Amino acid sequence: AANKLAEVINITAKAGGNLVIPSFALERSQEILYYLNKFLLGDRIPHLMVFVDSPMATSVTEVFRHYPELLDEEMVGLLRRGKSPFDFPGLSFVRTVDQSKAINHIRGTAVIIAGSGMCPGGRINHHLVSNISRPESTILFVGYQAVGTLGRQIVDGAKEVRIFGQYY
């Protein structure tokens, strides 16, 4: 799965689109950051702007930072060597609504990890609206999508989905 993530990032970056990842705030977002950091350290992906657009994921990441003794040996080793997956060039944690809105005005490729893993609402939907109709962008699901959710509709290949009362 990790190799597939690197492949998708590279394809999307080459196309000039954004990679939008609906993600759960607890552990999944941090796991994605771990892999992004690993790929950057290994020069497997280009250096891109990465936004974690989720106040909850930002807070959870702070908990991870404050309790390194609870992390596995590999993570502790990365932290000791100054290679924290929670602090690498281009990474921004987004808390405010205005910061979140500003992401959709950035030109160039960015990775946007936004809360609400199954897309029932929240900030992810704004990023979907800005990117779902762009063939150069990728919407990447990294978790289970329950039946009846917007995320499941997209994964199942719906030709149109309704977001904020409009069809895309």
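The values are calculated or read from the model by the stated rules, or taken from the named source; none is laboratory data. On a predicted model such as this, the values are computed, not experimentally measured, just so you know. Note that we place each Cβ from the backbone using ideal geometry, even for glycine, and neighbour counts take in every protein chain shown. Surface areas here come from the heavy atoms of the whole protein model, side chains and all, with no ligands, DNA or RNA. Shrake-Rupley method; radii C 1.70, N 1.55, O 1.52, S 1.80 Å.
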Fill in: the stretch 55-73 residues near the modelled D87 label - backbone nitrogen below 19 Å, point 7 Å along Cα→Cβ
57-73
Worksheet item: Which aspartates and glutamates does K38 reach when only Cα atoms under 16 Å apart count, and residues fewer than 8 places away in its own chain are ignored?
Response: E7, D72, E73, E74, D87
Worksheet item: Given 0.36 nm per residue, what is the gain on full extension from T96 to E74 after removing their alpha carbon distance, in nm?
Response: 4.7 nm
Practice prompt. Could you tell me what percent of the accessible area of the chain is made up of carbon and sulfur, with a 1.4 Å probe and every protein chain present?
Written response: 55
Worksheet, complete the sentence: Counting only protein heavy atoms and rolling a 1.4 Å probe, one gets per residue an accessible area for the chain in Å² of 54
Worksheet entry | Taking all pairs of distinct alpha-carbon atoms in the chain, Kirkwood radius in angstrom | 16.3
Worksheet item: Where nothing but the Cβ of Lys and Arg (+1) and of Asp and Glu (-1) is charged, how large is the charge dipole of the chain around its Cα centre, in debye to the nearest 20?
Response: 420
Worksheet entry | Rounded to whole Å, sorted largest first: equivalent-ellipsoid semi-axes of the stretch 20-80, Cα gyration tensor | 19, 18, 9
